[in-house]
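Undergrad: Sharing a structure below in structure tokens format, with a few things to ask.
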Amino acid sequence: MEQQQQGLIAILDALGAANYSEEGIKQFLKSRESVLNLLNRKAKDVRGDIDADLVRTFIFNDTVLIVYTTGRQATVKDVEDFCLLLRKFAVDSLAQGILFRGAISIGLFYVSADTNTVMGAAVTDAAAWYDRADWMGVTATPQATLRIRSLIEQAKADLDHVVVDYQVPLKEKPLYSLKAVNWPKAFYVHSLRPLAPGEKPRAKCLSLLAAHDVPRGTESKYFNTVAFFDHCVDLLKKKQKKKTRHPVAS
């Protein structure tokens, strides 16, 4: 086992994978490989200053674990870079027909690529929350939410383009205001949006969700996902409107 590391971790599982047919499993494996390849390429492109060698992925059945080793306590820039990766991952997965739900943690962990092992406090935290949200998306754990808010306030940063506050719907629990990856924003970023010419972002998102079966009892996951999409788009429009009213002097 390697030495203890510091950084950020995301644990994500594919919704509905347990009910895949044999053909569905084959398609899932093919799509997941494609998405992971895109993620590895994205790790090399994020703002040009994230070391792609510090981003590792581990696969356990229908679960993907993404590790970003920082070598020190995470900074607000680390949070931004990691959420940029997860934003890309979420939208690529959706476009490939995979609905991932998961959680982000920040802290200490041990990782060994040789034995395909990741364990430690940060892993335990993410593992306790990755399947709690009733939607498709990526939520910061309560502890990670507090850390991210602290980093943002200390740096006086605005990370709404990658991670936002939201009353996340949880299974059998009341809503909690947590940080969540702003994957809907990718539908409005030219280099990321999975749109064909003439397609509208919200309509495209709805069509990608509608491509999946919605068994009775699971419908809330889909409508909660759409509600989050609408929230992020409203936030984007408000910011654009504010910039129009108060342009920065050149």
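The values are calculated or read from the model by the stated rules, or taken from the named source; none is laboratory data. What you see is a predicted model; the values in this text were computed from it and never measured. Every residue, glycine as well, gets a Cβ built from its backbone with ideal geometry; the counts of neighbours run over all protein chains shown.
Undergrad: Please pick out the residue among V123, V162, V138 that is under 16 Å from L84 (Cβ atoms) and either among the aromatic types (F, W, Y) or touching a strand residue (DSSP E or B) at 6+ places or on another chain (Cβ under 6 Å) (or both).
TA: On the way: V123 fails: under 16 Å from L84 (Cβ atoms); V162 fails: either among the aromatic types (F, W, Y) or touching a strand residue (DSSP E or B) at 6+ places or on another chain (Cβ under 6 Å) (or both).
Only one candidate qualifies: V138.
Undergrad: Would segment 139-150 turn up any residue that is closer than 19 Å to A74 by Cα and more than 19 Å from the chain's Cα centre (by Cα)?
TA: Initially, segment 139-150 is screened for residues closer than 19 Å to A74 by Cα, giving 139-150.
From the residues that got through so far, the ones that are more than 19 Å from the chain's Cα centre (by Cα) too are 150.
Among the residues of segment 139-150, at least one is closer than 19 Å to A74 by Cα and more than 19 Å from the chain's Cα centre (by Cα), which makes the answer yes.
Undergrad: Here is a follow-up. Pull up segment 158-192, narrow it to residues that are surrounded by fewer than 16 Cβ atoms within 10 Å (Cβ to Cβ) and basic (K, R), then point me to the one that is nearest to Y222 (Cα to Cα).
TA: Ranking the candidates gives K171 first.
Undergrad: Name the pairs: first residue in segment 211-222 and under 16 Å from R101 (Cα atoms), second residue surrounded by 10 or more Cβ atoms within 10 Å (Cβ to Cβ) and β-branched (V, I, T), Cβ to Cβ under 8 Å, at least 6 apart or on different chains?
TA: These pairs meet every condition: Y222/V214.
Undergrad: Ok, one more. Quick check on L38: is it touching a helix residue (DSSP H, G or I) at 6+ places or on another chain (Cβ under 9 Å), modelled with pLDDT of 85 or more and aliphatic (A, V, I, L, M)?
TA: Numbers: touching a helix residue (DSSP H, G or I) at 6+ places or on another chain (Cβ under 9 Å): yes; modelled with pLDDT of 85 or more: no; aliphatic (A, V, I, L, M): yes.
Answer is no for this residue.
Undergrad: Now, a different point. Any idea which of V91, V76, V64 is more than 26 Å from E199 (Cα to Cα), at pLDDT 60 or above and surrounded by 22 or more Cβ atoms within 10 Å (Cβ to Cβ)? First the steps, then the outcome.
TA: On the way: V91 fails: more than 26 Å from E199 (Cα to Cα); V76 fails: surrounded by 22 or more Cβ atoms within 10 Å (Cβ to Cβ).
Exactly one residue qualifies, and that residue is V64.
Undergrad: May I ask you to verify whether G107 is within 27 Å of D134 (Cβ to Cβ), surrounded by fewer than 23 Cβ atoms within 10 Å (Cβ to Cβ) and at pLDDT below 70? Break it down into steps so the answer makes sense when it comes.
TA: Details: within 27 Å of D134 (Cβ to Cβ): yes; surrounded by fewer than 23 Cβ atoms within 10 Å (Cβ to Cβ): yes; at pLDDT below 70: no.
No: the conditions fail for G107.
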